[in-house]
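See structure below.
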Amino acid sequence: MKIKLLLLAVTGMIVLNVNAQSNPKNPIVTGIKGGLNLTNLSAGKNTQETKPSFHVGGLVELPLSYYKKFALQVEVQYSNQGYKGKETEIRDETTGKVIGKNKLDNVSLHYLNVPIMIKYYFKDNFAIEVGPQIGFLMGANGSYDLYKFYESRPYFMNYQSDIDRELDANGYVSSDYKKYYDKVDYGISAGLSYNFENGFFISGRYYLGLKDVYKADNEYSKILIPEGASELAINEINKLNSELEFKQAKNTVIQISVGYRF
C-alpha cells in the first residue's frame, strides 16, 4: 500500500512537471515570504489576549491546470505563536469587592509549519487559497497552565502521574515544554493573495487549529463520589467535575504576509 501511494505521488509530480514545462507562461514558481502574526489560543471563556508576532519561510507553487486557474502551493515557515496573558480580578466571595488581580504569563509557541494550499485564480493575479496545515512545535516560553487561576485547579492535583507532580512542584509553571505541550498541531488555513507583475506578492490568511495544544488537560479522571456521601458532598463533587472539564485550547492565527516570487 505504501509503495502504491509513493508511486502515485511520484507520478503526480511528474505530471505537474510536464504540465509546467509544456506551458512556459505557467511554470513552477518558488518564493520567500514573511510578515505579521496575530495569534491566540481559542479556549472558550479562558481565551487570552491576542499576541502580535511574526512568521518567515519559503514556498513552491505548482500549476494544476494548463491555464492559470488552479495551483498547489506548499510552504515551510517558522511561526511565532501563543498569546498575551490576560489580567483578571480577584473578588471577595462574600462582598464581591475586588481584593487583587492575577495575570497569566505571556506565552510564545515556536512552530515549524507546513501549509498545503489549493489556490484558485479567480481574476488576473488574485487567488483564493485554502488547505490543511501541520505544525511541529520546536520550543515554548512562558507559563504552562492556561487554567492556573481556576478556582477548582487545586483539586486537579491528585498525583496520578509525573505531570501532576511536576505541575505542583513548579506552581503550574512549565520547566520543560515537552512535558506539557503536544509536539504536533494541525488545522485549516484560508485566505487571499495578489501577485504583482514585478514578482512581489501580498497575502492575508486565517488559521484555525483543530487540535488541543496541551497533552493532558482533558485526560484526567473525574473525582469519584464516595459511597454513602451526603447530598451536599455529591453536589460539591459534581460541581468540581464539571469545572475540571476544561475547554480545549487551539491555535488561532491571522497572518499578513509580503513575499517575492522568483
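Worth a mention:
- In the range 208-262, the qualifying residues are those that are at pLDDT below 90 and β-branched (V, I, T), and the one that is least open to solvent (accessible area, probe 1.4 Å) is I237.
- Any pair with Cβ under 6 angstrom, 6 or more apart, that starts in the range 250-261 at a residue that is touching a residue at least 12 places away in the same chain (Cβ under 8 Å) and over 23 Å from D145 (Cα atoms) and ends at one that is of a type in the set (D, E, K, R) and in a strand (DSSP E or B): Q255/R205; S257/K33; G259/K33
- Contact map, the range 84-113: residues that are assigned to a strand (DSSP E or B) and at pLDDT 80 or above paired with residues that are surrounded by fewer than 17 Cβ atoms within 10 Å (Cβ to Cβ) and among the small types (G, A, S), Cβ distance under 6 Å, separation 6+ or inter-chain. Pairs shown: H110/G139.
- Applying the criterion of being more than 14 Å from the chain's Cα centre (by Cα) and touching a residue at least 60 places away in the same chain (Cβ under 8 Å) to the residues of the range 114-140, the residue that is nearest to V74 (Cα to Cα) is M117.
- Of the residues making up the range 36-55, those that are assigned to a strand (DSSP E or B), open to solvent by 30 Å² or more (accessible area, probe 1.4 Å) and in contact (Cβ under 8 Å) with a residue 24 or more places away in the chain are L36, L38, S42, E49, F54.
- Residues being over 19 Å from T47 (Cβ atoms) and of a type outside the set (G, A, S) - total across the range 86-105: 9
- Residue that is farthest from F262 (Cα to Cα) [pool: residues in the range 67-82 that are touching a Phe, Trp or Tyr at 6+ places or on another chain (Cβ under 8 Å) and not in a strand (DSSP E or B)]: K69
- For the range 73-101, a residue qualifies if it is open to solvent by 40 Å² or more (accessible area, probe 1.4 Å), farther than 19 Å from D185 by Cα, out of contact with any Asp or Glu (no Cβ under 7 Å at 6 or more places or on another chain) and not β-branched (V, I, T), and the qualifying residues are E87, E89, R91, D92, E93, K97.
- For P63: the one exception among (1) over 15 Å from the mean Cα position of the chain (by Cα); (2) modelled with pLDDT of 95 or more: (2)
The values are calculated or read from the model by the stated rules, or taken from the named source; none is laboratory data. Computed from a predicted structure; not experimentally measured. Because the Cβ atoms are built from the backbone with ideal geometry, glycine has one as well, and the counts that use them run over all protein chains shown. Surface accessibility is based on the protein's heavy atoms, side chains included, excluding ligands, DNA and RNA. Shrake-Rupley method; radii C 1.70, N 1.55, O 1.52, S 1.80 Å.
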